[in-house]
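First comes the structure, then the notes that go with it.
The values are calculated or read from the model by the stated rules, or taken from the named source; none is laboratory data. Keep in mind it's a predicted model, so treat the numbers as computed, not measured. Positions of Cβ are backbone-derived with ideal geometry, glycine not excepted, and every protein chain shown enters the neighbour counts. For the accessible areas, the whole protein counts, side chains as well, though only heavy atoms, and no ligand, DNA or RNA atoms are used. Shrake-Rupley method; radii C 1.70, N 1.55, O 1.52, S 1.80 Å.
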Amino acid sequence: QVQLVESGGGLVQAGGSLRLSCTDSKRTSSAYAMGWFRQAPGKEQEFVSAISWNAYVTDYSDSVKGRFAITRDNAKNTVYLQMNFLKPEDTAVYYCAVGRSTARSSSNYPYWGQGTQVTVSS
């Protein structure tokens, strides 16, 4: 069973950076795609980024492309989301998930972490 734990969230000023980490403590996700999603208060959950198991394929939503970077270290069973040039509209709870592929639909991801809060002040 996959068990995902996110970390790295916090409060940052606009223009700043944060790096989120997501570790699979059960060490079962290295053969699967990983994704990041976010949900802001009063809004629907949205896709942020995804990476294939071998990191050959990455995908980003238009809203974060060029500012965020997803990477993974399979030896550490960890996926990262480097977030630069943060904006107040990036404020949300960020979730990592294990996916069958890098498809953007949340239904593609059967396992989810508990989320980590990112707050960007203006």
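Worth pointing out:
- In the full protein context, the chain carries 52 Å² of accessible surface per residue, based on a 1.4 Å probe and ignoring ligands, DNA and RNA.
- Only the Cβ atoms of Lys and Arg (+1) and of Asp and Glu (-1) were treated as charged; on that basis the dipole of the chain about its Cα centre amounts to roughly 220 debye.
- In terms of Cα atoms, the Rg and Dmax of the stretch 26-115 work out to 12.3, 37 Å.
- Ranked packing of 16-22, 55-61, most packed first, by mean Cβ within 10 Å: 16-22, 55-61
- With every protein chain in place, the stretch 1-74: carbon and sulfur % of accessible area (1.4 Å): 47 percent
- Among 85-97, 33-45, sorting by the average number of other beta carbon atoms lying within 10 angstrom of each residue, highest first, gives 85-97, 33-45.
- Where Cα atoms sit under 23 Å apart: lysine pairs in the chain separated by 8 or more or lying on different chains: 4
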